Amino acid sequence: MTEQKNLLITTPIYYVNGSPHIGHAYTSIVCDFFTRFYRQHGVETFFLTGTDEHGQKVAQSAEQEGADPITFCDRNSALFRNLADRLHVGYDDFIRTTEPRHKEFVVRMWQKFEERGWIYKGTYNGWYSVRDEAFYDESEIKDGKAPSGAPVEWKEEESYFFKLSAFTEALLEWYEKCPEFVSPSGRLNELKAFVKGGLTDLSISRCTFSWGIPIPDTNHVIYVWLDALFNYQSALDTPEKFETFWTNSRVMHVMGKDIMRFHAVYWPAFLAALECTPETLSVAAIEKACHNMRIVTHGWWLSEGEKMSKSLGNTIDPCELIEKYGADYVRYFLLREPSFGFDGNFTKEGFINRITGELINNIGNLCQRTFTMTHKNCGSVVPTVKVSHPLLEQDPRVEMLELMKEYKINQAIEAVLSYASKANEFVQESKPWALFKAGDQAKGEEVMFILLSAIFAIKEAIAPVLPEFHARISEVFGNQSFAAGVKLNPLPKVFEQVAA
Ligand code: ME8
């Protein structure tokens, strides 16, 4: 990936067939974290999210409620948007695939495929899973189910096809050439095995229901994944935005491991197909389309050690969690708990332990006592002193930046915690309360200066995780940069206790 300044970060666009759960909240929080983090480091970032509203699954869910599909989509899309807002997920655009800007764009892409000879008409005979909105090869079906465990049904219907089979070799060459295209690296092997099995042409239209983007002059609608993937471009709806955040930008598509195949096989193929014809296809077309793109996959959230499902009744409602604990705590636990890329386990006990042990007792305690002592002993002002100390030399953000090269989010948070622990140890060692009590004002002020500076560094480093905490502590510093003489505002409660 070249060192371009701009960056497009995307979440998957979520299906609106149900209400959002903790998994959706997670991906959005991760993308918001990335966005805030890279912006801190001067990268111009555009953060895109939205909802995926067409297809059989959504149509069926609307029908079950006896609702008109667009009314159903309007209502459920708003739930996703609302969740993002409540979590302080600061997207720059929220795209809905039912918007005219998107539908028009996708039809134009379809026409380009046709002009370049990528589409032909045939009949689809094979397995389909409505839950996954995916076609599966016979060899992938085990015990009558898709690899994801979703039920499948046999389909025979007229369909337009995309010549995906032409991409087998070129894609394999691309994965060899750019192994960092997909992360974590272990998932690339899974992908290679799938492609090595030989790609078959992809059915890209449906004619047995109508809830989709109509293909002009036919009775077909566009297959929901072809429709959905192009949201990443259709949302960049002015030439300037497209130029800045696609053509001259790095692109980070963040998602759960469940939909890697669509992003690391179909999406590069679609993009490359816009650059060439089946006769001129080579790895160069994929490279041209994807050299600045990364498919960043994360693991799966379990609930108390089990797969979340409506039937087990163990799904976690992110809105209830926000209501009970506030957005910062939810963001913190989700970002801190799993090794990024791998599965995470949501347990009530784990949640309470992390919040209490790491936020309240470590960072919270440091802030609480430092501010209290500054108000009491230093006239509520950052003291003017000349002092040197390792805590003043160190900035946790430097270590975070290094860890984030491999998306090690949880370790990046650990770097801030370890810095806060050092600051707390320094309090214990230097005993500023005793210095003030003994009348050693100068020494006491030196200690307070070091601690206030450490708190300032912590609130900056942790800002991408805890935006509310960042705002509260910034307010204490009068929303100013750190400097001697800055007057401190009264201290609000740093962190609320968590009740079981
Ligand atoms: O797949 N753990 O939408 P979707 C972690 N519309 N992440 C989870 C999760 C869990 N238990 N459950 C869901 C679609 N997710 C398509 C995408 S993109 C062009 C089209 C997250 O509503 C995770 O990011 O089924 C996963 O990839 C996504 O939600 C699936 O969302």
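The values are calculated or read from the model by the stated rules, or taken from the named source; none is laboratory data. These numbers were taken from a predicted model, which means no experiment stands behind them. Every residue, glycine among them, receives a Cβ derived from its backbone with ideal geometry; neighbour counts consider all protein chains shown. These area figures cover heavy atoms from the full protein model, side chains too; ligands, DNA and RNA do not enter into them. Shrake-Rupley method; radii C 1.70, N 1.55, O 1.52, S 1.80 Å.
Just wondering, is there one or more residues in the range 221-228 that are at pLDDT below 95, within 16 Å of the ligand (Cβ to nearest atom) and either closer than 28 Å to Tyr407 by Cβ or not acidic (Asp, Glu) (or both)? The answer is no; no qualifying residue exists.
For the range 229-274, the tally of residues that are near the ligand (Cβ under 8 Å from one of its atoms) and either among the charged types (D, E, K, R) or outside the structural domain of Gly23 (by TED's automatic domain parsing) (or both) stands at 2. For the range 356-386, a residue qualifies if it is surrounded by fewer than 15 Cβ atoms within 10 Å (Cβ to Cβ) and charged (D, E, K, R), and the qualifying residues are Lys376, Lys386.
Show me the strands (runs of 3 or more DSSP E) entirely contained within the range 109-179 in which 1 or more residues are surrounded by fewer than 15 Cβ atoms within 10 Å (Cβ to Cβ) and without any contact (Cβ under 8 Å) to a residue 60 or more places away in the chain. Break it down into steps so the answer makes sense when it comes.
Details: elements: 119-129, 134-136, 153-162.
Here the list reads 119-129, 153-162.
When Thr297 is tested against (1) away from the ligand (no atom under 16 Å from the Cβ); (2) touching a Lys or Arg at 6+ places or on another chain (Cβ under 7 Å); (3) among the hydroxyl-bearing types (Ser, Thr, Tyr), only condition (1) is not met. Among the candidates Asn17, Asn6, the residue that is open to solvent by 10 Å² or more (accessible area, probe 1.4 Å) and within 15 Å of Arg250 (Cα to Cα) is uniquely Asn6. Inside the range 33-78, can you point out the residues that are surrounded by fewer than 17 Cβ atoms within 10 Å (Cβ to Cβ) and outside any loop (DSSP other than H, G, I, E, B)? Of everything in the range 33-78, those that are surrounded by fewer than 17 Cβ atoms within 10 Å (Cβ to Cβ) and outside any loop (DSSP other than H, G, I, E, B) turn out to be Arg39, Gln40, Glu44, Gln60, Glu63, Gln64, Ile70, Thr71, Asp74, Arg75, Ala78.
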